[in-house]
1. Give me the log10 of I(q) over I(0) for segment 94-144 at q = 0.19 Å⁻¹, as the Debye formula computes it from C-alpha points; what are the numbers?
2. To check you understand DSSP bridge types, tell me what percent of the beta bridges within segment 10-237 (both residues inside) are antiparallel, rounded to 5.
3. Roughly speaking, what is the centre-to-centre gap between segment 87-142 and segment 5-59 when only Cα atoms are used, to the nearest Å?
4. Would you mind checking which residues have amide H under 5 Å from residue 205's amide H? H placed 1.01 Å from N; only 5 or more apart, or other chain.
5. Number of Lys pairs in the chain with C-alpha atoms less than 28 angstrom apart, excluding same-chain neighbours closer than eight positions?
6. Please find, in a Gaussian network model of the chain (springs between Cα atoms separated by less than 10 Å), the residue of 67, 80, 154 whose mean-square fluctuation is greatest.
7. Treating only the Cα positions of segment 10-237 as identical point scatterers, give the base-10 log of I(q)/I(0) from the Debye formula at each q in 0.15 Å⁻¹.
8. Please work out how much length the chain gains when fully extended from residue 7 to residue 202, using 0.36 nm per residue of separation minus the C-alpha to C-alpha distance, in nm with one decimal.
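Read-outs: derived from the displayed coordinates by stated rules, not from any lab. Keep in mind the model is a prediction, meaning the values are calculated, not measured.
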Amino acid sequence: MPDAQAETELAVVMPVYNEEANIAKVIGEWTAALGQLGIAYVIVPVNDGSRDGTAAALRQLAEAQPGRVEPVDKANAGHGQACRTGYERAVARGAAWTLQIDSDGQCDPAYFAEFWQSRTDADVIFGVRKTRDDGFLRVLISGVCSVVTSALTGLNLKDANVPYRLIRTGALKQALALIPADFDMQNVALTLALKRDRTLRWRYIPIHFRDRQGGTNSINLRRILRMGLTLVTDLHRIGK
């Protein structure tokens with residue numbers, strides 16, 4: 001019998017925190033979209049110490065879709081560390097490609113077919129949020145992040161922290177080796193590490209970013225400001 005893990009085309013990394021209200025719907029719409037494309041995939045929701053019923057909801061989804069949904073539970077350490085755990089799980093699992101999306105329903109699977117088709121001539125495919133429904137504060141945070149990181153690195157990182165990104169897993173593995181495991185904003189660090197690799201072929205796809213599909217927005221402005229300051233002071237830690 002063939003090794004199902006070795007045949008996995010796509011690992012979907014999904015950081016999750018307190019998404020009991022959203023997670024079944026979000027995973028449901030993504031499994032439907034991926035199924036229509038005939039992709040051999042696994043969804044890896046990384047439960048970052050949720051305090052609601054998220055863990056139980058993920059267990060139910062995993063039981064209903066064995067081999068398709070493989071949740072990971074970890075102690076709460078923030079979005080960046082949840083991303084890192086998911087990236088490492090995708091690499092270890094041997095998937096050819098890794099997709100990172102959010103768990104709150106903002107990443108519309110309607111765009112994914114174009115991402116998937118682009119893999120024939122690109123190693124890294126990032127969404128660029130041209131329009132958004134999630135409010136001025138989040139737009140401002142993402143804009144400032146991109147402007148500051150681009151200015152400090154001398155590279156155009158575009159939408160540096162966009163959570164809609166498809167990466168050849170071999171490139172992901174090489175980039176992770178350049179990023180300290182304790183770096184806070186792993187998704188931004190990954191953007192920089194990938195961008196510094198001049199051999200990679202890039203494509204950007206315009207997307208519309210939906211508002212969250214349910215539940216409560218857990219944005220914490222004070223924590224985000226602290227993370228931003230840490231990012232600015234720690235960028236030098238990302239290897240070249």
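1. -0.80
2. 25
3. 14
4. 126, 127, 128
5. Eligible lysine pairs with Cα atoms under 28 Å apart amount to 11.
6. Among 67, 80, 154, the largest mean-square fluctuation in the Gaussian network model of the chain belongs to 154.
7. -1.00
8. Result for the pair: 67.7 nm of gain on full extension.
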